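Single-structure report; data block below.
Every number in this text was worked out from the coordinates using simple rules, so none of it is lab data. Worth saying up front: this structure is predicted, and the values here are computed from it rather than measured. For neighbour counting, all protein chains shown are included, and Cβ atoms are generated from backbone atoms with ideal geometry for every residue, glycine included.
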Amino acid sequence: MSERIDIGQRGVNPRHVDYIAGVLIRGGLIALPTDSGYALGWRASSRKAREQVIRIRQLDRNHHFTYSCRSLSDVGQLAQVGNTEHRLIRQATPGPFTFILPATRQVPRWAQQGKRRTIGVRIPDHDLVQALLDAMDEPILSSSLLLPEQDEEILDNEDLYDAVHGLVDLFVDAGYCPLEPTTLVDLTSQPPVVLRQGRGVIDF
């Protein structure tokens, strides 16, 4: 059975943030609102939660997920960021962008994308997510809440809760939250390449 917290549009409640962070710290899997729709989130060290995401979304076991970070400083702990990449990310974030960058040695091999040894990172523009990242004091892994039979149809919060009920430990309900994917930008090539055009618009 999944717990449910209704945060509505009332802003960030520190008690809610502490409770959600506690679920993550204990290795739980949560569904929460972000600036690009509802997403699944979990602590990077929780193998159980990662396996559950693979089952829920029926993903390939080699699928790679995105690190949600508070700031460029956190990004720099996970990815190799040159001056050009730093300026571009600083201009575009926080916002609906995911950037592909070379991983640092701090990132475990299972989280890196194949022989390229890259990772996806983002800095979300969402008060709850930022407050949660502050409380955790570490990046968390995330995945869009796209279900196998959803066909990318935008579901409301009630539909999503019914779909994931019993599959996640906690559903953070913020009401209607339209699914608008992040813009995916590969910063390992010069010039950078937009691999997926989503909500964010960027100028190189």
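Of all stretches in the chain that contain no GluC sites (Glu not before Pro) in a DSSP loop with at most 12 other Cβ atoms within 10 Å, the longest one is 1-148.
Residues whose amide H comes within less than 5 Å of that of Thr183, counting only those at least five positions distant or on another chain, are Phe97, Thr98, Gly198, Arg199, Gly200 (H built at 1.01 Å from N in the peptide plane).
Top mean-square fluctuation among Ile54, Ile140, Ile119, Gaussian network model of the chain, C-alpha springs under 10 Å? Per the Cα network of the chain with a 10 Å cutoff, Ile54 tops the list. Rounded to the nearest whole angstrom, the semi-axes of the ellipsoid equivalent to region 72-156, taken from the Cα gyration tensor as √(5λ), stand at 23, 18, 14, largest first. Placing R0 at 35 angstrom, the Cβ-Cβ distance between Arg47 and Arg87 gives a FRET efficiency of 0.45 after rounding to 0.05. Contact order for the chain, expressed relative to its length and based on alpha carbon pairs under 8 Å spaced 6+ residues apart, stands at 34 percent.
Backbone phi angles across region 42-50, fed through the Karplus curve with coefficients 6.51, -1.76 and 1.60 (θ = phi - 60°), yield HN-Hα couplings of 7, 6, 4, 7, 8, 5, 4, 5, 4 Hz in residue order; Gly and Pro are listed as x. Stretched out straight at 0.36 nm per residue, the stretch from Asp60 to Met1 would grow longer than its current Cα-Cα span by 18.7 nm.
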